[in-house]
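What follows is a short report on a single structure.
The values are calculated or read from the model by the stated rules, or taken from the named source; none is laboratory data. Source: prediction; values computed, not measured. Quick reminder, even Gly has a Cβ in these numbers, built from the backbone with ideal geometry, and neighbours come from all protein chains shown.
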């Protein structure tokens, strides 16, 4: 007497057609089977056998009536799949291939997709910093709304006696200068965003927030300049020439160095100066808010380059050459426009009294010394000697950024 055949495993569709999601139930049941195993499909709609034949053929399964026999097409399809890094929250590799395309880090990448050839910044030492995830989290949590974070009425309501026109004109000139510098600071990271491999997603996210930060700074500085109805100030040719050298730098590491470590690093001192010397509440507020964003930009640029220099000693020579090349390119320009320098003196003075002007002048000189000290400190962090740092800091553009 022969043994009774074991009953086939079944999946009940409960009257759901394959055109209304029934295939999901079948797929779920097939996952528990090996290629060659049979599965009985029951409780389908009136068109089950017809739809089952077409669906099975498209998936590489055999079918006889309502009995499916699992094929191995799915296994063959994923035979060349690779994991895009580790499965955990880290899982970062040193050089993700362009064939991973836009795949999420840690996902199983099916072979055959298009290459992401535009992402040529695809080396971990080239773009990564271990502090990037933490800085991105801070950046996302620190976003502020210009409409609500600044009390615009606090300055708009001041009288001419409380904020004289000549002091307001100085503020407007400084704001005009800040706007064009922040526009350059927006454009530089924006140029490189699409070139960074998305495997390093925290870096991409952090730079995207940095672009948003700079856009917000442009907004608040413009709004402050126009707050009391004054026309914007002078845009100096030398200042624009200085900023153009940032836009023209094609190398990501060098551009990051010139912008974030030197330029925005110098701006930390400038924004602190404006917060201390501001003649009105709104100027003080926008300087403080921009300062907290810029400090984060500098922190990433410095951390990234510190790690990159540690693995590539030749990079330090390239950083030096970038400073010298930029200095030579700007040798014929006037540097910081006199309109901006004098406006800063008047702003710091707060009045036209000779003693106040003298004090304002001294404050601007102290600011420039503080800027130089900050640049030296950051250059030393990158491995330059104190003497080298002093020489290179002296070559930095007089336009500050």
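Summary of values
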item	result
Close pairs (7 angstrom Cβ cut-off, 6 or more residues apart or separate chains): not assigned by TED's automatic domain parsing to the domain that holds residue 177 in region 224-245, crowded, with 20+ Cβ neighbours inside 10 Å anywhere	none
Filtered residues of region 60-81 (kept if more than 24 Å from residue 7 (Cα to Cα) and surrounded by 15 or more Cβ atoms within 10 Å (Cβ to Cβ))	74
Only one of 344, 371, 401 that is in contact with a helix residue (DSSP H, G or I) (Cβ under 7 Å, 6 or more places away or on another chain), closer than 17 Å to residue 271 by Cβ and assigned to a loop (DSSP other than H, G, I, E, B)	401
Residues of region 222-235 classified as surrounded by 20 or more Cβ atoms within 10 Å (Cβ to Cβ) and in a helix (DSSP H, G or I), total	2
Residue ID - nearest to residue 371 (Cα to Cα), chosen from residues in region 236-279 that are at pLDDT 95 or above and not in a helix (DSSP H, G or I)	278
Number of positions in region 319-341 that are surrounded by fewer than 16 Cβ atoms within 10 Å (Cβ to Cβ), in contact (Cβ under 8 Å) with a residue 60 or more places away in the chain and closer than 23 Å to residue 126 by Cβ	1
Boolean, residue 351 is more than 30 Å from the chain's Cα centre (by Cα), surrounded by fewer than 18 Cβ atoms within 10 Å (Cβ to Cβ) and over 30 Å from residue 165 (Cβ atoms)	no
Selected residue [within 18 Å of the chain's Cα centre (by Cα), surrounded by 15 or more Cβ atoms within 10 Å (Cβ to Cβ) and not in a helix (DSSP H, G or I)] from 104, 119, 139	119
